[in-house]
Amino acid sequence: MKSYKIGIDTGGTYTDAVVYHLRKKQVMQSVKALTTHGRLEQGVISALRELLNHPKASCQSSEIGMVSLSTTLATNALVEKKGTDPGVVLIGFSDDMMEKSHLDELVSRERVLRIEGGHRYDGKEKAPLDLEKIQQFLETSVKSCRNFAVAANYSVRNSEHELQAGRLIENITRARVSLSSSLTNDLNSPRRAYTATLNAKIQPLMEELVQAVKCAMEEFELDVPLMMVKGDGSIDPAEIAMTRPIETVASGPAASVIGACSLTGLKDFVISDIGGTTTDTAVVEGGWPLIENRHAIMHERETSIKSIRVRSYALGGDSEVQTGEGEELKMLARRVMPVSLMASRYPIFLKELIGKSNERTGLHGAHRYLVQSEDQEKWKDLLTGDEAELLNMIGDTPTPYDRFSGRARYRAMILRLFEMGAIQMSGLTMSDAAHVLGLQNHWSPEGAIFKLHN
């Protein structure tokens with residue numbers, strides 16, 4: 001057996017990597033690199049390069065037996081309401097079932113088709129499946145969708161209608177389809193529909209992450225298994241994780257808890273992991289985290305997935321802070337690019353901030369800038385003509401938000417582009433405050449000081 005393993009955790013702000021010695025049960029070295037949204041492989045490659053070249057790592061690529069991956073990207077996307085909407089087909093769902101599925105929290109109404117069909121509790125067909133309506137739906141409302149979810153009433157007793165719908169969708173769109181009956185045997189149809197829709201919603205993100213890590217492994221000739229930490233603390237091959245990403249939603253917190261158990265030796269404790277986007281809290285009893293069979297990711301909505309009992313809150317170092325009346329501060333449930341980070345990455349941004357300060361004009365919202373995310377190619381098929389034009393106007397260098405904010409049409413499009421991840425937006429964060437207080441110095445303290453003093 002090879003002596004070392006590598007652990008990688010990709011979060012909303014940082015990608016962390018460690019080398020772990022199996023026999024010594026010791027972390028030999030840990031490193032941190034910025035997560036590069038849009039081009040995730042760049043952040044992973046940067047972390048691995050620093051890790052493997054560090055003298056304290058004391059190992060060669062040939063001595064590494066496995067790479068283990070965890071992430072909070074999926075959880076972050078859900079709590080921030082980011083990502084692209086999948087198409088959803090509900091078969092045999094009544095009005096009451098539709099309401100109990102809470103899909104309006106995940107996808108827009110025009111992306112959901114509800115049709116007759118489904119089965120009874122004994123597996124007998126309740127009504128014929130209307131495949132023609134599904135085909136019309138695919139050719140109109142969801143032409144641009146890359147992922148779909150299908151849920152039929154009592155499909156765990158008879159999955160034939162889900163399978164028929166899934167085959168039709170795959171044949172017409174060549175897209176990935178999440179069938180609720182293949183993810184869980186839960187009899188609760190609304191909960192299965194919610195679970196399948198979440199799976200479809202985060203699937204593109206998980207595929208991007210796994211491919212990014214595989215690309216980085218090839219760069220360093222790491223021809224070893226890539227395993228993904230699941231929400232219950234167990235691991236699966238990355239190929240399975242890409243088809244069932246819902247099982248990895250609590251991956252990051254689960255890895256943190258298992259790591260804390262190993263490193264501290266404690267048996268009973270509460271752990272709170274504060275990242276750039278979320279704060280995740282879990283409880284350990286008897287040396288192992290509490291497990292729940294119906295994991296609730298957000299809004300206390302239960303899924304049909306087994307996971308550690310963790311609660312994720314949209315509160316992190318890069319959560320946006322807005323000033324209210326008087327001295328009141330308000331934390332928003334969305335991650336933005338800290339002013340100090342944008343000033344560090346784009347010197348022209350800091351120069352413009354200083355210029356506005358000297359002119360004493362336009363200080364309100366002066367820190368709010370927009371910039372394209374990397375790898376714009378993957379967004380082009382999802383954008384309208386107007387959105388593509390606006391994205392081109394924003395460009396790949398920071399552009400003042402107030403250049404567009406005067407028009408309601410632009411504000412709506414900017415919000416959609418931001419939620420998709422096609423653009424990044426700067427804002428005041430707790431990370432900026434940490435730079436001003438001298439608690440952090442990774443980026444540009446000057447940029448943070450400017451904003452907080454103005």
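The values are calculated or read from the model by the stated rules, or taken from the named source; none is laboratory data. Here the structure is a predicted model, which is why all the values come from computation and not from measurement. Glycine also receives a Cβ, built like all others from the backbone with ideal geometry; neighbour counts cover every protein chain displayed.
Given Thr277, Thr248, which one is surrounded by 24 or more Cβ atoms within 10 Å (Cβ to Cβ) and modelled with pLDDT under 85? Quick ask: steps written out before the conclusion?
Values: Thr248 fails: modelled with pLDDT under 85.
That would be Thr277, the only listed residue that is surrounded by 24 or more Cβ atoms within 10 Å (Cβ to Cβ) and modelled with pLDDT under 85.
Go through the range 364-401 and count every residue that is modelled with pLDDT under 85, of a type in the set (S, T, N, Q) and in a loop (DSSP other than H, G, I, E, B).
2
Please enumerate the residues belonging to the range 207-233 that are modelled with pLDDT of 90 or more and under 21 Å from Val310 (Cα atoms).
The answer is Met228, Val229, Lys230.
Would you mind listing the helices (runs of 4 or more DSSP H) fully within the range 189-276 where at least 3 residues are in contact with a strand residue (DSSP E or B) (Cβ under 7 Å, 6 or more places away or on another chain) and either among the aromatic types (Phe, Trp, Tyr) or within 26 Å of Ile64 (Cα to Cα) (or both)?
189-219, 251-264
Looking only at helices (runs of 4 or more DSSP H) that fall completely inside the range 22-109, which ones have 1 or more residues that are surrounded by fewer than 20 Cβ atoms within 10 Å (Cβ to Cβ) and at pLDDT 85 or above?
Numbers: elements: 40-53, 73-79, 95-101.
By residue number, 40-53, 95-101.
Within the range 256-287, track down each residue that is small (Gly, Ala, Ser) and within 20 Å of Arg335 (Cβ to Cβ).
Passing the criteria: Ser256, Ser272, Gly275, Gly276.
Being farther than 24 Å from Ile45 by Cα, surrounded by fewer than 18 Cβ atoms within 10 Å (Cβ to Cβ) and hydrophobic (A, V, I, L, M, F, W, C): is that true of Leu266 here?
yes
Out of all the residues in the range 142-150, is one or more over 25 Å from the mean Cα position of the chain (by Cα) and not aromatic (Phe, Trp, Tyr)?
Scanning the range 142-150, I find no residue that is over 25 Å from the mean Cα position of the chain (by Cα) and not aromatic (Phe, Trp, Tyr), so the answer is no.
Output the residue which, of all residues in the range 402-454 that are polar (S, T, N, Q) and assigned to a strand (DSSP E or B), is nearest to Phe349 (Cα to Cα).
So, considering only residues that are polar (S, T, N, Q) and assigned to a strand (DSSP E or B), the one nearest to Phe349 (Cα to Cα) is Ser426.
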